[in-house]
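Comments concern the structure below.
The values are calculated or read from the model by the stated rules, or taken from the named source; none is laboratory data. Predicted, not measured: the structure shown is a model, and the values here were computed from it. Heads up, the Cβs are rebuilt from the backbone with ideal geometry, glycines too, and the neighbour counts pull from every protein chain shown. Note: accessible area is taken over every heavy atom of the protein model, side chains too, but ligands, DNA and RNA are not part of it. Shrake-Rupley method; radii C 1.70, N 1.55, O 1.52, S 1.80 Å.
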Amino acid sequence: MLFRSLKCRSIWGTFVAQGCAVYTVYLFLTWLPTYLQATRGLTILKSGFYTAVPYAVAVPGTIFIGWLSDRLLRGASVESGRRRTLVAIMMLCSSGILLTPWITNTAVLLAVFSISLTSIGSAVGLNIALLNDLLRNPANIGRANGILVTGGNLVGLAAPIVTGYVVSGTDNYDYAFLVAGALLLVGAGAALLFTRDPIAPEQHLGSAELAYKAAQ
């Protein structure tokens, strides 16, 4: 049963990683135009154009990284959850937004944001794939993904609210990016350390999965 599977730390590892990743997605989605206007002195028209640049880069970039992950991971690598490494790498790459307070050049800032958004979009997709890799009962895939996506978006909804309080309280956008960057590091750690077991009730594991779990 799915509820019994929820006792597995791997499923919570994917949930934590998803929430930390989606938080940054919502931060970009809701605050990036305002940030560019307030800190870079851009007009509404220019801030809209500059906001589109990271998304234009992220669309093909995310597709390419998803394709690359499938090329790199085959058979046993997928079933053992090796995709966790790519999830963690993408979240670490996205945490480059921690450098935002020290970037003065707008072109460099857009490059960092483009890399970050591409990486975080890839991390979200790869994390969903990781959950499917680890699930041993196909009957639970739809429900598990529904919980993962819903939980991730609920955490993401906090991003515009938290950012509003942070900016209002400090009169500075830097701390908002530091919060998001810190969460990305937490998410990378959760993906790397807590997604090492198959997600299934103990009695539903086959001999291969039980042997794998014992080896961990």
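Summary table below
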| read-out | value |
| --- | --- |
| Filtered residues of region 58-83 (kept if open to solvent by 70 Å² or more (accessible area, probe 1.4 Å) and modelled with pLDDT of 90 or more) | V59, P60, I63, F64, W67 |
| Pair list, Cβ under 6 Å, 6 or more apart: region 143-166 residue of a type in the set (D, E, K, R), other residue surrounded by 14 or more Cβ atoms within 10 Å (Cβ to Cβ) and in a helix (DSSP H, G or I) | R143/L2 |
| Identity of the residue in region 134-158, open to solvent by less than 20 Å² (accessible area, probe 1.4 Å) and in a helix (DSSP H, G or I), that ends up farthest from P101 (Cα to Cα) | N140 |
| Checking F49 against (1) farther than 26 Å from L131 by Cα; (2) in contact (Cβ under 8 Å) with a residue 12 or more places away in the chain, the condition it does not meet | (2) |
| Any hit, region 38-50, residues being under 27 Å from A188 (Cα atoms), modelled with pLDDT of 90 or more and surrounded by 17 or more Cβ atoms within 10 Å (Cβ to Cβ) | no |
| Positions within region 159-168 being among the hydrophobic types (A, V, I, L, M, F, W, C), open to solvent by less than 50 Å² (accessible area, probe 1.4 Å) and under 13 Å from T24 (Cα atoms), in sequence order | A159 |
| Among residues of region 169-202, those that are more than 15 Å from the chain's Cα centre (by Cα), of a type in the set (G, A, S) and surrounded by fewer than 18 Cβ atoms within 10 Å (Cβ to Cβ), counted | 1 |
| Single residue of region 136-190 satisfying the filter (in contact with a Gly (Cβ under 6 Å, 6 or more places away or on another chain) and hydrophobic (A, V, I, L, M, F, W, C)) that is nearest to A21 (Cα to Cα) | V155 |
| Any chance L131 is in a helix (DSSP H, G or I), touching a residue at least 60 places away in the same chain (Cβ under 8 Å), closer than 30 Å to G41 by Cβ and not charged (D, E, K, R) | no |
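Table: residues versus (1) among the β-branched types (V, I, T); (2) under 11 Å from the mean Cα position of the chain (by Cα); (3) open to solvent by less than 30 Å² (accessible area, probe 1.4 Å).
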site	(1), (2), (3)
V87	yes, yes, yes
S94	no, yes, yes
L98	no, no, no
T104	yes, no, no
V108	yes, no, no
S116	no, yes, yes
S119	no, yes, yes
A123	no, yes, yes
N132	no, no, no
